[in-house]
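The values are calculated or read from the model by the stated rules, or taken from the named source; none is laboratory data. Remember, it's a predicted structure, so these values are computed and weren't measured experimentally. Ideal geometry is used to build each Cβ from the backbone, glycine not excepted, and the neighbour counts take in all protein chains shown. Accessible surface areas use protein heavy atoms only, side chains included; no ligands, DNA or RNA. Shrake-Rupley method; radii C 1.70, N 1.55, O 1.52, S 1.80 Å.
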Amino acid sequence: MGKLKNLASFHSGLQLSRVQHQEDNEGFSYKVIRISDFGNFGTLKLENIEQITFSKPIPKSNLTQEGDVLVRLKAPLSAVYITKDYAGCVFSSVMAVIQTNPSKLSSQYLAYYLNSSMPQGYFQERSTNGTMMSFLRLTDLKELEIYLPSVEQQKKIVQFIRESNKKIALLQEKISAEISLKNERFKQLITKELKS
């Protein structure tokens with residue numbers, strides 16, 4: 001076990017409304033990750049990612065970097081490992097970036113761990129209730145005790161989770177296709193019966 005604050009560094013996101021530029025034609029343009037961009041299984045849904053112009057350059061600490069873990073601090077808490085495809089994005093104040101010490105903690109392992117059921121009780125105990133949703137403070141996230149197998153074992157766990165997620169995604173695609181087929185066939189049968 002180890003406290004997360006001893007294994008990583010943390011950066012809070014930006015209050016976007018304070019730094020956003022009003023005119024779209026001048027300034028510094030960045031892709032912005034919003035809460036709605038978090039998907040299932042520790043993924044980002046960036047099909048409709050927004051590009052926003054800011055009046056000044058955004059500090060590097062407020063941009064995602066490959067190898068970061070981006071954490072959604074508003075319920076439901078979710079974590080995403082940042083690949084090169086998602087590097088250089090701005091993230092809002094309801095998120096934080098964690099940069100791990102790779103000799104002790106794999107970023108990918110941390111993202112999967114944070115998305116697992118293991119820390120959820122801790123998050124629920126420490127979440128503060130805002131106007132509509134609960135919110136986890138960054139200071140509480142830093143205090144999280146995590147299971148810390150060897151880095152080699154962490155890599156094996158990451159590989160297992162990746163393979164499992166691929167299988168789950170394929171099964172979900174099959175389920176969606178079967179539901180569509182069932183609904184279409186149902187319509188055909190009803191329509192055929194009504195015409196008779």
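Taken over the range 1-30, the criterion of being assigned to a strand (DSSP E or B), more than 17 Å from Arg72 (Cα to Cα) and at pLDDT below 90 is satisfied by Gly2, Gln20, Phe28, Ser29, Tyr30. Ser116 meets the stated requirement of being open to solvent by less than 40 Å² (accessible area, probe 1.4 Å), hydroxyl-bearing (Ser, Thr, Tyr) and either modelled with pLDDT of 85 or more or in contact with a Ser or Thr (Cβ under 8 Å, 6 or more places away or on another chain) (or both).
Mind checking whether some residue in the range 137-153 is of a type in the set (A, V, I, L, M, F, W, C) and open to solvent by 50 Å² or more (accessible area, probe 1.4 Å)? Yes, that holds for at least one residue. Could you list, in sequence order, all residues of the range 65-78 that are under 12 Å from the mean Cα position of the chain (by Cα) and either farther than 17 Å from Phe135 by Cβ or modelled with pLDDT of 90 or more (or both)? Of everything in the range 65-78, those that are under 12 Å from the mean Cα position of the chain (by Cα) and either farther than 17 Å from Phe135 by Cβ or modelled with pLDDT of 90 or more (or both) turn out to be Asp68, Val69, Leu70, Val71. Each residue in the range 31-69 was checked for being without any contact (Cβ under 8 Å) to a residue 40 or more places away in the chain and in a loop (DSSP other than H, G, I, E, B), and 14 pass. Does Val90 count as under 18 Å from Leu4 (Cβ atoms), surrounded by 12 or more Cβ atoms within 10 Å (Cβ to Cβ) and of a type outside the set (D, E, K, R)? No, not satisfied.
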